[in-house]
Every structure is written in C-alpha cells, then in structure tokens.
1. Is the shape of segment 229-314 best called rounded, prolate or oblate, per the rule: a/c under 1.5 gives rounded, else a/b larger than b/c gives prolate, else oblate, with a ≥ b ≥ c the square roots of the Cα gyration tensor eigenvalues?
2. For Lys210, which lysines qualify as cross-link partners when the Cα separation must be under 16 Å and same-chain residues fewer than eight apart are set aside?
3. When you take every Cα atom in segment 99-229, what is the radius of gyration, and what is Dmax, the widest Cα pair distance, in Å?
4. From the C-alpha gyration tensor of segment 23-101, pull out the three semi-axes of the equivalent ellipsoid (sqrt of 5λ each), sorted largest to smallest, in whole Å.
5. Considering only the other residues whose Cβ falls under 13 Å of the Cβ of Tyr50, what net charge follows from Lys and Arg at +1 and Asp and Glu at -1?
6. Top mean-square fluctuation among Arg222, Arg329, Arg21, Gaussian network model of the chain, C-alpha springs under 10 Å?
7. Sort largest first and round to whole Å: the equivalent ellipsoid semi-axes of the chain, each the square root of five times a Cα gyration tensor eigenvalue.
8. Helix-only estimate, please: 222 nm mean residue ellipticity of the chain, summing -39500 (n - 2.57) across DSSP H runs of length 4 or more and dividing by its residues, to the nearest 500.
Amino acid sequence: MLQALQQYFFELFETAPLLFRSPGRINIIGEHTDYNGGFVLPAAIEQAAYIAISKRSDNQLHLHAMSLNESIILSIDSLEPIPHAWSNYIAGVADQFIKNNKLVGGFNLVLNSNIPIGSGLSSSAAIECVVAYALNELFDCKMDRLALAHLAQKAEHHFAGVQCGLMDQFASMMGAKDQLIKLDCQSLQYEFIPFNIHHYTLVLFDTNVKHSLAASAYNERREQCEQAVEWISQSVPDIQSLRQVNMPMLAEYVLPKNELIYKRCSFVVNEIQRVESACTALKNGDLIKLGKLMFETHQGLSADYEVSCKELDVLVETVKNIPDVIGARMMGGGFGGCTLNLIQTAAVEKTIHTVQHVYAKTMHTSLPTYIVETANGTSRIA
Ligand code: ADP
Ligand code: MG
C-alpha cells in the first residue's frame, strides 16, 4: 500500500512526499463508560490510515482519497464543513491548526487506509490523527501527542458533527504495541496495561449493518444516565457522574423512581467495575477471566442497556457454543458494527468458517472478518 501511495502522490504532484500513518483502534472492555466518567481500555491496531503529504507555496489544499478515487481542492482561507464529505476529516484538522494560531499553509495530500469504514474501528479518528501529526511536523508547530489528540477530537466535533469523547483519537495517537491503554475518562489520566494473549487471537466479526436507531438511542441513554446522577445528587453530595455511584445508591435513589433508568445505570456501574476487573485479570495472566468479563459486558449491553441488535446477538450466541472462543462481545456504541472475539489461535480459521456459515444461514449475508493485532500509535514512516 505504501509504495502505491508514494507513487500515486508523485504522479499527481511531481514532488516527493513525507509519509505518515495512524492506526484504527479496538476497545477491549468499557463500553458507554466514557460519557459517565468511567474507564475505557482501548488499543491501537495494525490497520491504519496512511497519508503522503507535501507543502504547497499557495493557500490551497489539494486532497485525494485513493480508495474512493476522489479529489477535492479547498482554500485554507475559507474552510467549512461539507455535509458527509471525507475531506472534513482533513479540513477539520487544518481548521483547528488555524484556530490555535499554528500557522499552516497549503498542502498536497493523498490518503489511503485499510481500516474498514463505519465498522467501529474509528477510521475517522485515524485520518484526523494522521493529518494532525503530519501538519505538526510539516509546519513545525511543536505540539505534543496529547495536544494533537485533543485537536483531532475537536476536528471531529466541528467538521464531522460528532460529539465524541477522546478515546478514539487518544488510542490512535498514543497506542503502543502489546499494550492496552487504561484511560480514565474523568481525569484523562492513563496507564498502559501489558497485553500478552499468548495462544489467543483477537478476531472481529463485522455484522455489516448499522441500524438507524443508533443516534437517538445514544442520546436517550446519555439523558437517562444524567437523570440518575441528578436524583442521587439530591441526597448524596459531590456526585457528578455514575463513576461515583455504586449499586446500593442506585437501589436507594433510582430504583424507586424509575426501573428502566435503574437497569440502564446498573449496566454502567458494573461496566466501570469490569474494566478494573479486566486489568486485574490481565495482570494475573488470567485470560479466561477476561473472556468471561467480555461475555458479561455483552449480556449487559444487550439486556440492560439495550443497545445490541439481532445480528450482534446471533454472533455472540453462536460463539458461546464454541469452547475455543473464551470471550466475545459487541464493540462500540451498538446497533451494528463488530463483535470482538478472543479465540484460541490454533482454532481461528475453523472458528471463522463456522461462524460465517451460521451467519449466512441466519442473517443471509456475508460476514467480513478481521484479525487484529495491537500496534504503535501515530508515526512518520518516511
Ligand atoms: P468509523 O467508525 O469508521 O470512524 P465514521 O462514520 O466515524 O466511521 O467515519 C467514516 C468516514 O470517514 C467515511 O464516511 C469517510 O468520510 C471517512 N473515511 C474513512 N476511511 C476513508 C478512506 N479510506 N478514504 C476516504 N475517506 C475515508
Ligand atoms: Mg468515527
């Protein structure tokens, strides 16, 4: 892919580029915990967005997306979001540099990526991060990785219109091979957790669906969590998020008022605890325990938080009957995307075959499958 990228760039712009990459990400456990002040446990993965880039002497952005075979020319003096355009993830970052008074001139850029789009591996954050990292170097802006991750997140807010937390950009920018990042979404402090899964492999099964419920359900869940925090804080001082809440508090202050909200918040409180348990399991080398926690997370997301869907449930139910799969759960916001599976390495091929067969029979569609390995965060390649 790199050679093709370099060559394509040269053909278009007749100059030699700098090359950069930034990875996609998975999240091992800790779902819907970010906006509740809890923990997440992501890792950067091998699949990445790549760009070739060079300065221009004018104020124009000449952008090309190889996988879409589309080009666009923008002026740095009038950057605005364009509804649904792929260029937003690049222009939005350039816009943030300008807003931060980091002088950025025009540039030529060719983008390529092997991160599946819209499957929950954050192909968008990877683009933002690779562009942020490259512009920082190209224009010698001297920002550190953390500042660049924040900047990339703001680009997503303003140009993609997605009010995401920091996890995706943080994982892409800060990731490290064989490490998970335990990120405290309240303080933004983080810790690397060594991730050695020995004879096991992580595999993603892609449902190939994204149900339209996702956005409205997401907002509703956020409101339900906020409502519970408000009720509890009327009696318990200093409660700002579900991070500070435990099950007895939910039973005392939320259950009598609203059973559904109680159920939603039980999931979140337990999920925040599960991230801690997962880190302990990893420190003890207890992968069986980690797998059990993943299954528990899925159960909670499906039954209590109710953000799963038929396709995701079929995939998790199917692997529950396969002893070589020691853990599985839906990953991401819900209503589609991928399941994340922890599978005995020797049985990966056989398992993929079995699950694809079941999925074709029950869901009448194909099941794209990705093997994932952890990787380093954003970097310059050449
Ligand atoms: P994801 O979960 O993958 O981040 P998003 O909807 O947030 O899904 O972002 C996907 C969008 O990112 C695509 O619609 C497209 O605009 C952009 N994108 C991702 N990969 C590429 C690519 N290879 N080339 C051009 N644009 C891309
Ligand atoms: Mg995205």
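Derivation of every value follows stated rules applied to the coordinates shown; laboratory data play no part. All values reported here derive from a predicted model rather than from experimental measurement. Counting neighbours? That spans all protein chains shown, and the Cβs are built from the backbone with ideal geometry, glycine included.
1. It comes out oblate by the Cα gyration axes.
2. Cα-Cα hits under 16 Å: Lys310.
3. Gyration radius and largest Cα-Cα distance of segment 99-229: 17.2, 49 Å.
4. 31, 17, 12
5. +1
6. Largest GNM mean-square fluctuation: Arg222.
7. They are 36, 26, 19 Å, listed largest first.
8. -12000 deg cm²/dmol
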